[in-house]
Structure formats: structure tokens, C-alpha cells
Amino acid sequence: MSSALLSRLSARTLFVVGKGGVGKSTAASAIALQLADQQQQAHLISVDPAHSLADVFAQEALPVPARANCNPGLILEEFDARSFADDWLAELRPALIEVAERGTYLDAADAQSFLDLSLPGVDEVMAALRILQLTDGSAQRIVVDTAPTGHLLRLLEAGSLLNSWSEALEAMARKADAVAIGMIGRAPEWAAVRLIEQWWAQSRAFADTTRNAQFVVVTRGDPVVEAETARLVEALHARHLPVAAIIANTQPSGVADWFAPRLETAPAGCTGLRTWIQATRSNDGPQVEATSSRASAIADHATDANTFDLLEALTEPLILVAGKGGVGKSTVASAIAVMKAADRAICLVSTDPAGSLSDVFGQPVSAEPAQLVPGLTVWQLAADAEFQRLRTRYTDEARLVFEKLGLDQAVSLDRAVIDRLWNLAPPGLDEIIAVTEVMAATERCPSVILDSAPTGHFLRLIQIPEVSIEWSHALMRLLLKYGVAGSLQDFTTELLAFARRTRELQERLTTPGQAAVVLVTLDEPVVWAETLRLHAALERAKIPVAALVINRADGGPSRGYPPVVSSVRVIRAPNLDIPPIGADALRSYSRRWED
């Protein structure tokens, strides 16, 4: 039935989207390979920071675009946002520093420092610019393997961030014009003006690209996954973006119109990918019964002794539950929290922008902390809201200060610059601001469990604290140079508190006995590969890993995928017919964990 599916996918650019772990990379790879098999020049690009294309195609790492071994008509690319940003900024830096130096009180060194902190590493914007490059290229078809839901939505908003950068540069350029006219009687032609025009044009072009694209949503017949899928489809429709197909991978789903049955072996390599897409069929035919009855193979005599041993071992006040999207992080984090809450106060907080705690507990979880069961307080971090709250406080206070000073037009341009410089906040700052709010909460909640974002963005979370601290210091230096730091008392107090809590977070993550990570994985080759890379990254960052949970495990022996280092405790969690929803089900689920 693959030809019937591909006939639905007529757009030049296809975005393959969905919750992490549902098989997006498999679906994107199979679709791109089938297009190439039909003699169409195809370019498959993964913009997920935790790439797995090389694992899916069983090829070496793909730091630069390369042809698929099995079909030279298919180009594979694991997009390196950091390198792309470095090259992109190197070309633009002279124009940016010129206008920042002429349009603010920053000297050249300060301007370069501020820009270096602010612009590099914007995964979503860099991905958008790379996709635009591909649309200008020769590929007949472009298939985008995206990051999980929350960060996909950020990718779709990349044009808005480009616009905010343009506004910041425009404010600097206007101030630079005013200074130049006062000194030499005319405004020179700033190179940054052309850059502003380019960013506006790229923002419009990316909006056109997404409107003319088609979206393939991948899901699975699991209540938690289906709930997130429904929210994703609603978000795409709200943006007037066309959903061409919804594919249920391995488990039938009531929200899907296509179904890819579970294969005897995971679809890896070109043969496996071709088998996968050939097996995919319309859901109009007879429904295939779910086959996830493997939980019955787990011994009925299993007790909760192993669970309690694990809980007693997790004594750190900050536990981060991490892993590839869709492996069951939220379920594992919730199960640990429910069990630990039996004898101590626990806070469970989700930092995933597409959080699933409401689905796991079967009741609403919002940004407001709420006690769902005795001893357990739960909430979903609203990173964007925390970021906007701090930004609003900054701009409102700045506005009042300038009004009290009775500024003339030239100084009002300074005010515009100060307002717009916030647009250059480093990527991921919103996530750090939100997490530092959790650090403040540890004063009233001695034990905190974080349900983390999927791998790529979890790594950004643990890598960005130092950048955030430097950025807050750079902003403070700028406010001091403008002479308004003392007047913005509430904001500067909060900015200093943010820097302090960020430093505390950084220290806690690497201090023995203060924080630990519980990795969640599946007994599948692509997931294992990403888990091993995540474990290695945590080792490099000197953040301890307390345990690894193999979720949805069969009762039999491991399928033989690579083990993690022997020092990490491994727990096998059962593959249940019905995913645990609600506190009672989570307790029953965790009592069946085994070493």
C-alpha cells in the first residue's frame, strides 16, 4: 500500500512530526527512500538535535550530507545547528558589531561578547534557514525529520524569532542614524540594514515553505501518545498547515488513517525501511488487533522489593528523568514520584514543552502547583510564560524610568534599543528561567523530580547555565553603561537572583549527592544508540547517572543490544497491555519493575 500513501504526499517539502519515540525517523527515512526508489532526487534532513538517521540507515555518522549507501538518489543529512550557526554568524558578525557599537553604549568588545552569547546555537532558527537553503537547491523532494512536538512548534515559530532580531537591529540602526546625523550631517548606509531586510524576507519565505508543505504525523495506539497527537494536529490546523496523513506505528490508533504493523525485527537499514513502508496500509480495512500482550510473560510473582531498593538508592534532592522522546519518561518519573511520596514530600515537575503529566495522571496538570496525591505536588513548567513574565517586568520598569526622566527623541532611541536588546536573549534562556524557578521551590520541597524534555533539548538544558549566567552579567553591564541599572531595582534584583539560582543549578548538577539522572530507554537498537550517546554526554558533563530503566520490556532475555556501563543499575519495567494512568495504576506498574 506504499504507493497509495505516497500518492497522498505530493508536496515538495514533507515534515514528519509527532511525539518523540513514536518512529518519526523510521517513517521519514522510509518515505524518503521510497521517493528515491521512484527515481526522485530526495534530500532527507534530521533537525532533531538527537539525530538517529545514521542508526536507522546503519551507516556511519553523518556530520555532512552524504548519499545513502543503498540509493545514490537519496541524500542524508543530520543537521549540525551549532556549526551552521558558527559559520552563519561569522559572516554576519562585522555588520552586527558595527551597528551594535554605533547604536548602543557597548564598545566593540562588549558588542561581540553580547552577540556571541545571544545568537549562536539557535537550533530551530538555524534549522529553518537550512530548510530554506534546500528549497533553493536542486532536490526534487525534501523530507524533514523533526524534533519532538514541543520543539517542532518552536521550529514553526522560527520566523517570529527572526522578526524579533530584526526589530532589535532596527532600533540600533535608528539610534546609529541619529548619532551620525548629529556628527556628520547624514546617515551612512549600514550593512546591518541589508541584514534586516534579509531576515524579514527569510521569515516570510519560511512561512511560505511551511504553508506549501505537507505534514505527516506519526503516532501510536497509546492513550498518552494519542492525547499529545491530538494536541499536535490541533496546533497544526490552528496554523493552517496541511496534515496529509497520520500514521500509527506498531499499534493501531483511533486518530490515525494509516497503520504500520509491528515487524518481527526493528526496521533498520534500507531493507528494513522498504519492508516497513510496504507493510503500511490504510486504516479503512480490517483493524489489526494490538499485540502488546507481552506483559503476561512477566512473572506474576514479581514483588515491589526492587522498586523500593531503587527508591532508597535515589536519595539526591534533585532527580532528572531523561531519555529519547516517547520511551515513557513521564510515566517512569510519575511512578517514582508516587512511590517516593509515600514517606516524604515530593515535587514532580515537567520541563518538557509538550508535557504529558496530565495524560499520565488522568487529571489536569497546569503551571500552578497542585497536590494530586498525599505528599505529591505536581506542575507543568510554562517556560514561555516565565520568560515573558521576566521580560515584561524589564520592559515595564524601563518604560517608567524613561518617562520619569522626561527624555528627548534621541534618548528615546536609547530606550528603544534597551527594549529590543531583550530580543537577543540566548536560545534556551526560557527553559533555564523556568528550571531556576524549581530551584527556588526546593526550599519548600526537599525532593524534586524533573520530567525532562527529550534528549536533544535535555542536553541543551544542562549545557546552557554558564551561557545564561554570562548573558545576565552582560545585560547588567549594559544597563550600568546606560545608567539605568540603579533605577530598575525590581528587575535587577530578579536578574541577579536568576544568575544566582542558575549558578546553584550548575553546581548542584555536578556535586555528588545533590543530583542524579535516571535514564529511560527501550530495548530497541535506535533507542539504545541514542541512550548510549546521552550517557556519554552526561559522563563528560560529570553528572551522575543513578539508574537506567528499560521500559516496555519483554519478560524474556534482552534482545542483545549494547549494555550501558556496569556501574549503572538497570531496571526492567513491564510492557503493559494498558498504559498506567492515575496514581493507583502507577503504583501497580512500578511494583512490577525488576532488576
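The values are calculated or read from the model by the stated rules, or taken from the named source; none is laboratory data. Note that the structure is a prediction, hence the values are computed from the model and not measured. Every residue, glycine as well, gets a Cβ built from its backbone with ideal geometry; the counts of neighbours run over all protein chains shown. Areas reflect the complete protein model, heavy atoms only, side chains present, ligands, DNA and RNA absent. Shrake-Rupley method; radii C 1.70, N 1.55, O 1.52, S 1.80 Å.
Whole-Hz ³J(HN,Hα) for each residue in the range 212-225, computed from phi via Karplus 6.51 cos²θ - 1.76 cosθ + 1.60 with θ = phi - 60°, x for glycine and proline: what do you get?
8, 7, 10, 10, 10, 9, 10, 9, 7, x, 10, x, 5, 5
Under a 1.4 Å probe, what is the accessible area of the range 320-368 per residue, stated in Å²? Let's see the in-between values first.
Numbers: 1280 Å² over 49 residues.
Accessible area per residue: 26 Å².
Could you compute the net charge surrounding LEU14? Neighbours are other residues with a C-beta less than 11 Å from the C-beta of LEU14; K and R count +1, D and E count -1.
Numbers: positive: ARG8, ARG12, ARG141; negative: ASP145.
Computed value for this residue: +2.
Local charge sum around SER253 (other residues, Cβ-Cβ under 12 Å, Lys/Arg +1, Asp/Glu -1)?
Net of charged neighbours comes to -2.
Around GLY323, under 9 Å between beta carbons, what's the net of Lys plus Arg minus Asp minus Glu among the other residues?
Residues close to GLY323 contribute a combined charge of +1.
Quick one: ranking ARG540, ARG393 by accessible area, 1.4 Å probe, largest first, what do you get?
Highest to lowest solvent-accessible surface, that is ARG540, ARG393.
From the protein chains alone at 1.4 Å, what is the descending order of accessible area for ASP451, ASP136, largest first?
The residues order as ASP136, ASP451, largest area first.
Pop the C-beta distance of VAL568 and GLU443 into the FRET formula with R0 = 41 Å and round what comes out to the nearest 0.05. Write out the running numbers ahead of the final one.
Working: r = 31 Å, r/R0 = 0.75.
Once rounded, the FRET efficiency stands at 0.85.
Between GLU312 and GLU189, how high is the FRET efficiency from 1/(1 + (r/R0)^6) when r is the Cβ-Cβ distance and R₀ = 56 Å? Nearest 0.05.
0.25
Expected output is a single nm value to one decimal: the length gained when fully extending between ALA227 and ALA385, i.e. 0.36 nm times separation in residues minus the C-alpha distance. What is it?
Full extension of this stretch gives 54.6 nm more.
At R0 = 30 Å, how high is the FRET efficiency between LYS542 and ASP87 if r is their beta carbon distance? Nearest 0.05 is fine.
The calculated FRET efficiency here is 0.50.
Which whole number in µm²/s is D for the range 342-394 by Stokes-Einstein, with the Kirkwood Rh taken over Cα pairs at 37 °C and 0.692 mPa s?
Calculated translational D: 272 µm²/s.
Hey, can you grab everything whose amide H is under 5 Å from the amide H of THR219? Only 5+ residues off in sequence or another chain; H modelled, so Pro and N-termini drop out.
Amide H to amide H, under 5 Å and 5 or more residues apart or across chains, THR219 pairs with ILE247, ALA248, ASN249.
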